[in-house]
1. Restricting attention to region 281-319, which residues are β-branched (Val, Ile, Thr) and either open to solvent by 10 Å² or more (accessible area, probe 1.4 Å) or assigned to a loop (DSSP other than H, G, I, E, B) (or both)?
2. Tell me which residues, restricted to region 154-170, are open to solvent by 30 Å² or more (accessible area, probe 1.4 Å), of a type outside the set (Asp, Glu) and either within 13 Å of ILE190 (Cα to Cα) or free of Cβ contacts under 8 Å to residues at least 40 places away in the same chain (or both).
3. Which ones in region 72-82 are within 19 Å of GLY325 (Cβ to Cβ), open to solvent by 10 Å² or more (accessible area, probe 1.4 Å) and either modelled with pLDDT under 85 or not charged (D, E, K, R) (or both)?
4. Give just the number: which of (1) of a type in the set (Val, Ile, Thr); (2) farther than 15 Å from THR25 by Cβ; (3) modelled with pLDDT of 95 or more; (4) open to solvent by 10 Å² or more (accessible area, probe 1.4 Å) does THR336 not satisfy?
5. I'd like to verify a number: residues in region 105-144 that are open to solvent by less than 20 Å² (accessible area, probe 1.4 Å) and part of a strand (DSSP E or B), how many?
6. Take GLY268 and decide whether it is of a type in the set (Gly, Ala, Ser), open to solvent by less than 10 Å² (accessible area, probe 1.4 Å) and on the phi > 0 side of the Ramachandran plot.
7. Here's a check for you: in region 19-55, which residue that is open to solvent by less than 30 Å² (accessible area, probe 1.4 Å) and more than 21 Å from PHE321 (Cα to Cα) is modelled with the lowest pLDDT?
Amino acid sequence: VASCLRRNPNLRSLAGRTPQLLFSTDAGFTWQPLGNLPNAYTPYQESQILPIAVDPTNAAVFYVGFNGMVYKTTDSGRHFSSAVLPQQNSPQEISIVIDPSNPSTLYANTGEGLPGALFKSTDGGATWTTAMTIGIPASVTIESLVIDPFHPKSLWVVAGGDAYMSTDGANSWSQVSLPLPVVNGAFGLIEFVFDSVTPGTLYVTGNDVSGLYLLKSTDGGGKWVQVSAPFLLGVLVADPVRAGYLYALSPSQGPGGSGLFFRTADGGATWQSFPFPASYASVIAVDPGNPNIIIAGSYRTNNGGETWSPTMVSRDIQATFAPTGKDLVYASGPITS
């Protein structure tokens, strides 16, 4: 599922909030409520990033991480079971990734200090153990954990401004060597994005004094070249079914302004840009059944981002398409009292 999540910089502190879940059976054109997560509560923020990870083989199974708990449903969100991550802290935001070759194996990233930032389950989320973080000297950036879709024991994270990878399912880690403009430990790296179609092709984004940069590798991270990144820091995802297609959202530079949606079909060599009707969206979700359908926040396009229409939701939602469920989308909605 092509989706990428960003922490909203405009969160406000409020009390008495619970996260809501939504679903759509028509690729995001209309939405229906699934209700709230059981016993999920946040006393801190009005709007909460709530990543959803859908089983790649079963559209009725998905996971949501929240407040130190991992929630699982096997009936499309009607009922949930839960498991506690083995740690003392209770981070609100937890990102979860699923092994595409064995959906019973999952990883969770809390972004907390080490040890205790990464967790692994081999029984479909029923129990969790703390994953090894030997070789990672700093806190793992929340949402930066990704799996190579062609080598599922290969995991990649950003921590302390540097990049690290594991080739043995999080049993050990080594630092990834990246060329300039990357400066080790400068807190400039953001995340890795894998091409879902072409083995060995991946990208990494980061910031330096001149702005956003984008590096590309076609040999599994051995060699890197810098490619064009004509947008500001925002959201970047790869198309789930078309090789070389990337999408990016560049936020507006002023309050109340509109953003820009960027698209490349040649792996970042050239980009097209189109007006986006909002100043910000925390997620880009691409339909694997029809990649011209894209959801970003409360807006939807059916022509690859060239034009956008509002959906029936009025605020930024975090949407995730079910890989095996035709037109089925799950989303976390705004937290309400």
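1. ILE293, THR307, THR311, VAL313, ILE317, listed by residue number.
2. The first filter runs over region 154-170 and keeps only residues open to solvent by 30 Å² or more (accessible area, probe 1.4 Å), leaving 165, 167-168.
Imposing the further condition that a residue be of a type outside the set (Asp, Glu) reduces the set to 165, 167.
The one that is open to solvent by 30 Å² or more (accessible area, probe 1.4 Å), of a type outside the set (Asp, Glu) and either within 13 Å of ILE190 (Cα to Cα) or free of Cβ contacts under 8 Å to residues at least 40 places away in the same chain (or both): THR167.
3. THR74, SER76, HIS79, PHE80
4. The single condition THR336 does not satisfy is (3).
5. Residues that pass the stated criteria total 8.
6. Numbers: of a type in the set (Gly, Ala, Ser): yes; open to solvent by less than 10 Å² (accessible area, probe 1.4 Å): yes; on the phi > 0 side of the Ramachandran plot: yes.
So GLY268 fits the description; yes.
7. So, considering only residues that are open to solvent by less than 30 Å² (accessible area, probe 1.4 Å) and more than 21 Å from PHE321 (Cα to Cα), the one modelled with the lowest pLDDT is THR42.
The values are calculated or read from the model by the stated rules, or taken from the named source; none is laboratory data. Values in this document were obtained by computation on a predicted structure and should not be read as measured data. Cβ atoms come from the backbone with ideal geometry, glycine included; neighbour counts cover every protein chain shown. Just the protein is used for accessible areas: all its heavy atoms, side chains included, with ligands, DNA and RNA removed. Shrake-Rupley method; radii C 1.70, N 1.55, O 1.52, S 1.80 Å.
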